[in-house]
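Report on one structure; see the data block that follows.
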Amino acid sequence: MFRTQPPIFPISLKHALTANSYQVCHSEETAKLVKNVIDRQDKIIESFYKLEEILVRAHVEAKKAWSHGNSFHAPVEISRIIAAGIDKAQEARIEIARVLASLNYNKEVP
């Protein structure tokens, strides 16, 4: 299965730990802090791949559903489903835009 690049974390772990800036907020030993950060990042990457898999499956399943003549046999229901899908996709885009804005990213995503 094709996979996109996982999320890139904005702070270099090596830089953050060698600068000792973590000690301001964290009292853990360096080795424990490194392990915690790596474990959290691994879980985030795992969730990212799961989300990607579900989105791809939904896309493929939707294409299959549309190809069986639903617009002819059940036009009102298929219109409702498409409208709901558009709403959910747009809500997701708005939430993603908020996250990007919080990261000071205000450019169009290619």
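For the reader, a short list of remarks on this structure follows.
- In order through the range 36-44: 3J(HN,Hα) via Karplus (6.51 cos²θ - 1.76 cosθ + 1.60), integer Hz, x for Gly, Pro: 4, 5, 5, 4, 5, 5, 4, 5, 5
- Using the Cβ-Cβ distance between Ala65 and Lys107 with R0 = 35 Å, the FRET efficiency computed as 1/(1 + (r/R0)^6) comes to roughly 0.50.
- From phi via Karplus (6.51, -1.76, 1.60), per-residue ³J(HN,Hα) for the range 63-75 in Hz, x at Gly/Pro: 4, 4, 5, 5, 7, 9, x, 4, 5, 8, 7, 9, x
- Extension gain from Ala83 to Glu52, taking 0.36 nm per residue of separation minus the Cα-Cα distance: 9.0 nm
- Rounded FRET efficiency, nearest 0.05, which uses the C-beta distance separating Ala74 from Ile44 and R0 of 35 Å: 0.30
- Karplus-derived 3J(HN,Hα) values for the range 47-52, using 6.51 cos²θ - 1.76 cosθ + 1.60 with θ = phi - 60°, are 5, 4, 5, 5, 4, 4 Hz; glycine and proline are entered as x.
Taken together, the values in this text are just the output of simple stated rules run on the coordinates, not laboratory data. This one's a predicted model, so the numbers in the text were calculated from it and none came from an experiment. Don't worry about glycine lacking a Cβ; one is built from the backbone with ideal geometry, like all the others, and counts go over all protein chains shown.
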